[in-house]
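Colleague: My questions will all concern the structure given below.
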Amino acid sequence: MNSLDTLNRLYGIPGLIEFLEEPNGLIHIAVTSAQASARISLQGAQIIQWTPQGEKPIIWLSDAATFRPGKSIRGGAPICWPWFGPHATRADFPAHGFARTLSWEMLTAATQPDGTVRIALHLPPDAMPKDQWPHDTTLECHFTIGTQLEVNLVTHNRSAHSLPLSQALHTYFRIGDIRQIQLTGLEDCPYLDKTLNGLHATQQGAVHFSQETDRIYLNSQRDILIEDPVLQRRIRITKSGSASTVVWNPWIEKSTKMGDMGDEGYLTMVCVENANAADDTIQLAPGQVHHLRVCYRSEPLA
Ligand code: BG6
């Protein structure tokens with residue numbers, strides 16, 4: 001079904017939406033509109049580039065990213081689903097779930113009267129590994145690409161029992177210099193510090209970075225701003241359906257061990273992940289539909 005010709009015939013729009021095959025066989029959707037350019041990998045429904053016209057890229061993709069079938073791509077916005085981080089009871093199940101390394105399928109691709117491009121994909125239920133997730137669920141991801149980027153991750157519990165769901169849109173943002181940015185919007189939020197075995201703390205003032213940072217912020221519902229004096233911009237993150245936010249930068253030592261971060265990659269990225277994680281894990285009732293919605297936009301730094 002995911003053959004390049006078929007995809008271009010069914011969903012391509014000349015000059016606007018094109019499906020491309022990478023050397024290793026992964027298929028990417030390339031969007032080029034008057035408002036923005038973007039790329040989405042069908043593997044993981046992972047957006048790996050979004051650049052509003054006339055601006056610098058907003059999304060970070062590692063220079064050392066490998067695009068291999070079944071391996072998560074370092075950068076962009078991986079979808080962590082149906083669990084965030086390690087599985088609660090099975091250490092042998094993949095970290096951050098299985099959705100980010102499986103091939104998704106197209107639902108729709110279309111332009112809107114306002115000039116945005118809408119792309120929707122789903123993870124076919126029969127592609128979900130039954131040994132890891134024996135539950136009848138559907139998962140869709142809807143992108144609206146324009147001068148701002150909207151993503152809506154939709155989980156539908158079609159089973160007769162309630163399900164625990166944790167998830168994240170694990171977005172890597174491009175920044176000028178991690179040592180000079182600050183994040184606002186998390187002030188006074190309690191957080192778990194994963195670099196200190198989950199120690200509980202409360203955020204005082206804005207978040208600054210001078211070492212490895214790996215935190216799950218709870219009660220986080222406000223807009224978050226990434227204030228970047230080097231790129232002279234502020235990225236505004238607005239969300240709904242998510243009461244937790246993960247903030248991550250691996251810093252030097254961990255990056256070196258990871259192999260796909262690039263030598264100095266950590267300096268130009270920060271992950272701000274809109275999530276349902278830790279105490280914010282959701283219990284999805286039978287028949288319930290959950291929407292995790294985010295909107296990103298770039299504003300000049302006043
Ligand atoms: C973050 C986690 O969300 O993802 C970190 O909080 C983790 O603990 C990071 O290291 C990257 O995970 P991965 O599996 O993509 O290397």
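The values are calculated or read from the model by the stated rules, or taken from the named source; none is laboratory data. Bear in mind that the values here come from a model prediction, so they are computed numbers and not experimental data. Cβ atoms come from the backbone with ideal geometry, glycine included; neighbour counts cover every protein chain shown. The protein model used for the area step is the full one, side chains on, heavy atoms only, and it has no ligands, DNA or RNA in it. Shrake-Rupley method; radii C 1.70, N 1.55, O 1.52, S 1.80 Å.
Colleague: Using a Förster radius of 30 Å, what is the FRET efficiency between THR256 and LYS130 based on their Cβ-Cβ separation? Nearest 0.05, please.
Modeller: 0.20
Colleague: While we're here: Students often forget the sequence filter, so: which aspartates and glutamates lie under 14 Å Cα-Cα from LYS71 once same-chain residues fewer than 8 apart are removed?
Modeller: Straight-distance partners of LYS71: ASP260.
Colleague: Okay, next question. Might you tell me the accessible area per residue for the chain, computed with a 1.4 Å probe and given in Å²?
Modeller: Numbers: 12800 Å² over 302 residues.
Per-residue accessible area for the chain comes out at 42 Å².
Colleague: From zero up to wherever the largest Cα-Cα distance of the range 4-300 sits, split into 10 Å bins and tell me the percent of pairs in each.
Modeller: Pair shares across the bins are 6, 29, 37, 23, 5, 0.
Colleague: Based on Cα coordinates alone, diagonalise the gyration tensor for the range 20-146, multiply each eigenvalue by 5, take square roots, and list the semi-axes in whole Å, largest first. Working shown, then result.
Modeller: Working: eigenvalues 146, 57, 32 Å².
The answer is 27, 17, 13 Å, longest axis first.
Colleague: In nm, to one decimal, how far is the ARG297 label point from the ASP263 one, both placed 7 Å along Cα→Cβ?
Modeller: So the label points at ARG297 and ASP263 sit 3.9 nm apart.
Colleague: With a point put 7 Å past each Cα toward its Cβ, work out how far GLN53 is from LEU16 in nm, to one decimal.
Modeller: Output for this residue pair reads 1.3 nm.
Colleague: Once R0 is set to 30 Å, what does the formula 1/(1 + (r/R0)^6) return for the Cβ-Cβ distance between THR32 and ARG68, expressed as a FRET efficiency to the nearest 0.05?
Modeller: Working: r = 26 Å, r/R0 = 0.85.
For THR32 and ARG68, the calculated efficiency is 0.70.
Colleague: Turning to a different aspect of this structure: With all pairs of different alpha carbon atoms counted, what Kirkwood hydrodynamic radius in Å does the range 206-302 show?
Modeller: Numbers: mean 1/r = 0.0658 Å⁻¹.
The answer is 15.2 Å.
Colleague: Related question: In deg cm²/dmol, rounded to 500, what helix-only [θ] at 222 nm does the chain give when every DSSP H run of at least 4 residues adds -39500 (n - 2.57) and the total is split over its residues? Walk me through the numbers before you get to the answer.
Modeller: Values: 2 runs with 16 residues, N = 302.
For the chain, the value works out to -1500 deg cm²/dmol.
Colleague: Give, as a single signed number, the net charge of other residues whose beta carbon lies under 13 Å from the beta carbon of TYR11, with Lys and Arg counted +1 and Asp and Glu -1.
Modeller: Numbers: positive: ARG9, ARG118; negative: ASP5, GLU18, GLU105.
Once positives and negatives cancel, what remains is -1.
Colleague: Considering only DSSP states other than H, G, I, E and B, which trypsin sites (Lys or Arg not before Pro) in the range 35-129 qualify as loop sites with at most 13 other Cβ atoms within 10 Å?
Modeller: Values: sites: ARG39, LYS71, ARG74, ARG90, ARG100, ARG118; in loops: LYS71, ARG74, ARG90.
Passing sites in the range 35-129 are ARG90.
Colleague: Same structure, new question: How long is the gain from GLN211 to ASP114 if the chain were fully straight, where each residue apart is worth 0.36 nm and the alpha carbon distance is subtracted?
Modeller: Working: separation 97, 0.36 × 97 = 34.92 nm, distance 4.25 nm.
Value of the extension gain: 30.7 nm.
Colleague: I've got another one for you. Under a cut-off of 25 Å between alpha-carbon atoms, report the lysines in cross-link reach of LYS239, not counting same-chain residues fewer than 8 places apart.
Modeller: LYS56, LYS194
Colleague: Could you tell me the calculated FRET efficiency between SER162 and ASP223, based on Cβ-Cβ distance and R0 = 22 angstrom, to the nearest 0.05?
Modeller: On the way: r = 31 Å, r/R0 = 1.40.
It comes out at approximately 0.10.
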